1. I'd like the full set of residues that are surrounded by 14 or more Cβ atoms within 10 Å (Cβ to Cβ) and either assigned to a helix (DSSP H, G or I) or within 16 Å of the ligand (Cβ to nearest atom) (or both), limited to segment 81-90.
2. When the residues of segment 166-182 are filtered to those that are more than 14 Å from the chain's Cα centre (by Cα) and in a strand (DSSP E or B), which remaining residue is surrounded by the fewest Cβ atoms within 10 Å (Cβ to Cβ)?
3. Conditions: (1) within 19 Å of K184 (Cα to Cα); (2) modelled with pLDDT under 95; (3) acidic (D, E). D21 meets all but one. Number of the miss?
4. Under 9 Å between Cβ atoms, at least 6 apart or on separate chains: pull out the pairs that start in segment 137-151 with a residue that is within 22 Å of Y19 (Cα to Cα) and end on any residue that is in a strand (DSSP E or B) and of a type in the set (F, W, Y).
5. Would it be correct to say that G102 is out of contact with any Gly (no Cβ under 6 Å at 6 or more places or on another chain), at pLDDT 95 or above, under 19 Å from G171 (Cβ atoms) and within 12 Å of the ligand (Cβ to nearest atom)?
6. Looking only at residues that are part of a loop (DSSP other than H, G, I, E, B) and acidic (D, E) in segment 183-240, which one is surrounded by the most Cβ atoms within 10 Å (Cβ to Cβ)?
7. Confirm whether E148 is within 16 Å of the ligand (Cβ to nearest atom), surrounded by fewer than 16 Cβ atoms within 10 Å (Cβ to Cβ) and within 30 Å of A231 (Cα to Cα).
8. Residue by residue through segment 192-222, note down the ones that are over 19 Å from the mean Cα position of the chain (by Cα) and either farther than 19 Å from Q5 by Cα or among the small types (G, A, S) (or both).
Amino acid sequence: MSQKQLTILWLYPRDMNIYGDTGNVLVLRRRAEQHGYTVNVVEYNPGDTFPDTTDIVIGGGGQDSGQDKIQQDLQAIGPKLIDMAEAGVPMLVICGLYQLFGKFFKTQDGHVIPGIGLLDVETLAGPERLIGNIITHSDEFGDIIGYENHSGQTYLGADTTPLGHVVRGAGNNGNDNTEGAHYKNVIGSYLHGSLLPKNPTIADRIIEQAANNKFGEFTHGSIDDHIAELARKHAAKRPR
Ligand code: GLN
């Protein structure tokens, strides 16, 4: 067994984990193993002890009620997450946690759930939910394929880089053609589906960044991706 271990901190699996977001953790674990690492997944729920060592942070989407449940705890660990992000720890947060890694989410009934401001983005619930299959494009990752379902409309601060531009679907807000946000090694995105099984390039980038941070090197293992390729092709053909 490899002596090289990567620890994935999985934020709030109990309350923030919908539309298959667990798949992101499974893919990171499996691919990291195929690249030659052993993997330790630490599940973190409100009130748990924050681990000393974390190489990758991952979190999913949730209902507004789930966001309410975790918000206080998230505020408490926010400064640690910000320090880690500034130090280059790779992170992937989807939908509800993407919103709360930003400044705030104002819900349909008008209450404001504060975020940690790690990403310079703001989210206001819109009049209709933005639902359906989505394709975006990024220079770094190529086509990114997934599924979105959110009431929140997210607007990026002036200097914030989107993860991709919408080819088909709504994205951050349905208006400005952007999807997600990318800051240092932190990726926020609305794409469930889950994201990583159909977008292994993103998974490998996260693992590469974590390995480089920890061991100063990364060697790409040999992985047969023909099933992921088929899934991408099939998903890209599905109606909105
Ligand atoms: N509750 C948030 C919204 O509707 C997040 C939804 C989600 O994570 N899928 O915008």
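The values are calculated or read from the model by the stated rules, or taken from the named source; none is laboratory data. What you see is a predicted model, and the numbers here were worked out from it, not measured in a lab. No Cβ is skipped: glycine too gets one built from the backbone with ideal geometry, and neighbour counts run over all protein chains shown.
1. L81, I82, M84, A85
2. R168
3. (1)
4. As it stands, the answer is none, since no pair meets every condition given.
5. no
6. Within segment 183-240, the match that is surrounded by the most Cβ atoms within 10 Å (Cβ to Cβ) is D225.
7. Answer is no for this residue.
8. Matches in segment 192-222: G216, G221, S222.
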